[in-house]
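These notes concern the structure reproduced below.
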Amino acid sequence: MKHSNPPSYDRKRAWIVTGLLLVFMLINFADKAVLGLSAAPLMDHLGLSASQYGTISSGFFLLFSIAAIVGGVVSDRMPSKWLLLGMALVWSVAQLPMLVPLGAYGFWVVLGSRIVLGTAEGPAYPVANHAAHKWFPDKDRDLASGILTIGAPLGVVLAAPGLTWIISSFGWRSAFFVMAVLGLVWAAAWARFGQDGPIEKIEPVDAERAPDLTVVASTPLPYWRILASRTWIGSVMAGFAAYWALAVLISWIPIYAQKVLGFSSAATGFVIAVPWGIMALAMITQGLVSKSLTSRGVSTRITRGVLNSVVLLICGGFVFAALVVDPVWMKVLFMSLGFGMCAVSVPIGQALCSEISPAGRNGGVLGAFAAVYSLSGIIAPMLTGRIIDASGSTGAGFDRIFAITGVILLVGGVVSGVLIHPTRDRLRIARLGSDKGPAAGSHTSAALAHD
C-alpha cells in the first residue's frame, strides 16, 4: 500500500510524532510491568505456583515474535499510523478479562489475556521505530531510537510507584483498568496528531567512508540476504542477551524485592523504579554519545558495535557482583546497574538494522530483529519459575537465575563485538541489491578498503 501525498519534512512535526511515540512506548512497557507489580496478590488470589506464574509471564511472548515479523513486513506496505492505532486499541481490549472475577479458570483467563496483549505489542517497538525513522536521517536515528526506548524505563519508573499504590489501595484488578484507559486515551491522541514522515529510503552511504559509491537498488533485495549479515546477527545476539535480563526484570524482580530482599509491597514500587531509572539515563547517554561521535566522523562500528559490546560486558559483571555482596543496598545497586544498563543494546540494534537496510526493507528487518531477540522473553520468565520451584528456596532460585543472566550478558557482549561491522555489511548489501557491473564492483572494493 503506497503512501499518498506524503508530508514535506517538518522538524517540529517530527518531534511531535516522536513525543507521541515515546508515550506509546511508555504505555507499552507499563502494560508489560503491571503483571509483575501485581504478581504477589495475583498469585495468592489464584493459588499459582512459581512455575505457573512463569508460564503466564512467558505467555506474553508466545506470539510476540511472529507478530513482530508480520507487523514489520506490513509496515513496509501500509502507513504506520493505522498499524499503531490498531495496536493501541487491542492493548486496551486485552486488559478487560482481568477486570471480572476469574473463578476456577483464572490461570487460563490470565494466560489468554497476556497472549493477546503480547501479540498486539509484538510489532510495537519495530513499527514505532520505523515510524520515527521516516522523520529522521540516519545520523539522527540513534537519538530517535534512544528516545523511543526511554519509554520502556519511563513507563515503569512512572507506573511502578503509582500502580503499586493503586494495587494496595484498590486491589490488583484496578491496575489493569488504569492501563486500559491509558491505552484508549493515547489512541485518541494518535488518531488526531499521528502522521507518517516523508523519509522513505535509507540515505546513501557517507561519501567520506565510501567514496565514489552510489547505492541504488534495482530490485528488492530478499530479506534473508540482510538477515544473514554479520552485523544483523551480532545485533540480534546482543538484543537477545539484553532482553533476557529485561524479561527477568519485568516478571520476577518485583517478587525478588519482596520475598528475598524483604521490602514491603509499597516500598517495592520505588525499588523497582531504580533499575528502570538507570536504564533511562543509560539510553539518553548512549544516544547523545553515539550522535556526537558519529557527527565527528567516528565509525559506527565504534559508536554502535564496540559500545554495544562493552556495555553488555560491564552489565554481566554487575549481575555477578550482585550475587556476592551482602548489604541489601549494594545488591539493589549492582542488580539495577546490571539489569538496567544492558537495555541500550536494543536501540543500538534498531539503529544498526536501519543502517544496513536498503530501501523498502527497513520495516521487515526491524521486525525480524525484534522477533528473534524477544525469544528470550519466552524462555527467561518460564525458566526462572521452574528454577525457583526446583531450588528449594526462592533465594537459591534467584541466585541461579542471576548467574545464568550474567553469563548470557557476557556471551552477548563478546559475540556482538566480534560480528558487528555495519559499514562493511551495508556496502555488501548495497552491492547485492544494485546493478552488478565492473564499475560498481570496483567502487565497492575501494570503499571497503577505505573503511
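The values are calculated or read from the model by the stated rules, or taken from the named source; none is laboratory data. Fair warning: this is a prediction, and the values are worked out from it, not measured in the lab. Quick reminder, even Gly has a Cβ in these numbers, built from the backbone with ideal geometry, and neighbours come from all protein chains shown.
Key figures for this structure:
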quantity: Some residue of the range 123-143 being buried (at least 24 other Cβ atoms within 10 Å of the Cβ), of a type in the set (Lys, Arg) and either more than 30 Å from Ser290 (Cα to Cα) or under 18 Å from the mean Cα position of the chain (by Cα) (or both); calculated: yes
quantity: Sole exception among (1) in contact (Cβ under 8 Å) with a residue 12 or more places away in the chain; (2) out of contact with any helix residue (DSSP H, G or I) (no Cβ under 9 Å at 6 or more places or on another chain) for Thr405, by number; calculated: (2)
quantity: Criterion violated by Gln350 - all others in (1) more than 16 Å from Val248 (Cα to Cα); (2) at pLDDT 90 or above satisfied; calculated: (2)
quantity: Checking Phe136 against (1) among the aromatic types (Phe, Trp, Tyr); (2) farther than 20 Å from Gly194 by Cα; (3) assigned to a loop (DSSP other than H, G, I, E, B), the condition it does not meet; calculated: (2)
quantity: Criterion: small (Gly, Ala, Ser) and free of Cβ contacts under 8 Å to residues at least 12 places away in the same chain - qualifying residue of Ala152, Ala88, Ala188; calculated: Ala188
quantity: The range 362-377: number of residues that are within 14 Å of the chain's Cα centre (by Cα) and either more than 16 Å from Pro347 (Cβ to Cβ) or of a type in the set (Val, Ile, Thr) (or both); calculated: 6
quantity: Subset of the range 377-405 [within 30 Å of Gly72 (Cα to Cα) and crowded, with 24+ Cβ neighbours inside 10 Å]; calculated: Gly377, Ala380, Pro381, Thr384, Thr405
quantity: Only listed residue being over 19 Å from the mean Cα position of the chain (by Cα), among the polar types (S, T, N, Q) and within 27 Å of Gly162 (Cα to Cα), chosen from Ser336, Ser264, Ser299, Ser292; calculated: Ser264
quantity: Residue in the range 251-269 that is part of a helix (DSSP H, G or I), closer than 20 Å to His421 by Cβ and touching a residue at least 60 places away in the same chain (Cβ under 8 Å) present; calculated: no
quantity: Residues that are modelled with pLDDT under 85 and surrounded by 24 or more Cβ atoms within 10 Å (Cβ to Cβ), drawn from the range 222-237; calculated: Ile226, Trp232
